[in-house]
Amino acid sequence: MVSMLFLLKFPSGFSPAEDPTFHFTFVCPLTWTILASGIKDADKEFGTDTKLVGCSHLDPALQIQALETAICSNPDGIITAGIEENDELSAVLLKAAKKGIPVVLVDSDLPESKRICYIGTDNIKAGQLAGSDLYKATGGKAKIGVIASSLTAPNQY
């Protein structure tokens, strides 16, 4: 993701000898340790610095507060997730765009937020494939339950 922001901001490329420092902020609505590890690896590779801001649980208010703080620090880019379609979250992401701060969304998309890209699963297609595979594996005779952590999260419709 850091690489994506970097390449979108500077499409002509990067030479480690130039040693520029770009500052990104990753506002994570949950603690995603594996993702954070990959971001830190990308920081080393590209000479960037990414501040990681995580929340202990899904809370749009905490995410919005962290994004407001990130915008005030004027980073070169912000990475976050569109955990819920709500007007406040969209407004904060639009505020970043108006300040010229590129935003990359992961896991859940908010297309109206003016984010520069979305990285994640096509959840409708994933559900269709899972249903098809379960049907085939059970000969169409199984009773299948689906457990979701949220009925309002766009990535779980």
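Scanning the stretch 74-84 for residues that are among the acidic types (Asp, Glu), in contact with a Phe, Trp or Tyr (Cβ under 8 Å, 6 or more places away or on another chain) and surrounded by fewer than 20 Cβ atoms within 10 Å (Cβ to Cβ) turns up nothing.
Being among the polar types (S, T, N, Q) and farther than 19 Å from Gly38 by Cβ is a property that does not hold for Ser108. Is it the case that Ala148 is at pLDDT below 90 and either in contact with a Lys or Arg (Cβ under 6 Å, 6 or more places away or on another chain) or more than 20 Å from Ser90 (Cα to Cα) (or both)? So Ala148 fits the description; yes. If you check Asp76, Asp59 for being modelled with pLDDT under 90 and among the acidic types (Asp, Glu), only one passes: Asp59. Within the stretch 77-99, can you find the residues that are touching a Leu at 6+ places or on another chain (Cβ under 8 Å) and without any contact (Cβ under 8 Å) to a residue 24 or more places away in the chain? The answer is Ser90, and nothing else.
Output yes when any residue across the stretch 99-121 is open to solvent by 40 Å² or more (accessible area, probe 1.4 Å), modelled with pLDDT of 85 or more and in a helix (DSSP H, G or I), and no when none is. Checked against the condition, which is being open to solvent by 40 Å² or more (accessible area, probe 1.4 Å), modelled with pLDDT of 85 or more and in a helix (DSSP H, G or I), the stretch 99-121 yields no hits at all.
The values are calculated or read from the model by the stated rules, or taken from the named source; none is laboratory data. This one's a predicted model, so the numbers in the text were calculated from it and none came from an experiment. Heads up, the Cβs are rebuilt from the backbone with ideal geometry, glycines too, and the neighbour counts pull from every protein chain shown. Heads up: the accessible areas ignore ligands, DNA and RNA and are worked out on the full protein's heavy atoms, side chains in. Shrake-Rupley method; radii C 1.70, N 1.55, O 1.52, S 1.80 Å.
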